Amino acid sequence: MDTNEIIKKQVTENAVVLYMKGSPEAPMCGFSAAAVQMLEACGVEDVATVNVLADEDIRQGVKDFSNWPTIPQLYVNGEFLGGSDIMREMYQSGELQKLLEK
């Protein structure tokens, strides 16, 4: 299975997927930490997280897959939402909470 197929499988088999640097327990950058905090604040319990620092192919592959240059990246129900800046805007407007309630 190539990297693109792996990523496609991850985002279709999990309702919420966060590609991040580090883990939720030990984020390795402030943007990843902020993304985790927003998901926790929304009450999301079942999040599949992928540490892009553990696999260079996934780290570059997810950027190519989404056509988005930065990490973290959030997918909900197979749809790419954006990085921590987009998440913050959606969280502040209440849109992220509504989307994750479904």
Check: Of the residues Leu100, Leu96, Leu53, which is in a helix (DSSP H, G or I), at pLDDT below 95 and not hydroxyl-bearing (Ser, Thr, Tyr)?
Finding: Leu100
Next item on the list: For Met38, indicate whether it is outside any strand (DSSP E or B), more than 25 Å from Lys98 (Cα to Cα) and either at pLDDT below 95 or not small (Gly, Ala, Ser) (or both).
Entry: no
Next item on the list: Return the only residue of Val17, Val44 being modelled with pLDDT under 95, surrounded by 14 or more Cβ atoms within 10 Å (Cβ to Cβ) and not in a helix (DSSP H, G or I).
Entry: Val44
Item checked: Only one of Asn4, Asn67 that is surrounded by fewer than 16 Cβ atoms within 10 Å (Cβ to Cβ) and in contact (Cβ under 8 Å) with a residue 60 or more places away in the chain -> Asn4
Notebook entry, point to check: Any idea how many residues of segment 47-64 are within 19 Å of Ile86 (Cα to Cα), crowded, with 19+ Cβ neighbours inside 10 Å and not β-branched (Val, Ile, Thr)?
Noted result: 0
Next item on the list: Determine, yes or no, whether Ala26 is within 20 Å of Thr70 (Cβ to Cβ), surrounded by fewer than 14 Cβ atoms within 10 Å (Cβ to Cβ), modelled with pLDDT of 95 or more and more than 14 Å from the chain's Cα centre (by Cα).
Entry: yes
Check: Residue check: is Ile86 touching a residue at least 40 places away in the same chain (Cβ under 8 Å), on the phi < 0 side of the Ramachandran plot and surrounded by 15 or more Cβ atoms within 10 Å (Cβ to Cβ)?
Finding: no
Next item on the list: Sort through Ala41, Ala34 and tell me the only one that's touching a residue at least 40 places away in the same chain (Cβ under 8 Å), among the small types (Gly, Ala, Ser) and over 16 Å from Gly83 (Cα atoms).
Entry: Ala41
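The values are calculated or read from the model by the stated rules, or taken from the named source; none is laboratory data. What you see is a predicted model, and the numbers here were worked out from it, not measured in a lab. Note that each Cβ is placed from the backbone with ideal geometry, even for glycine, and that neighbours are counted across all protein chains shown.
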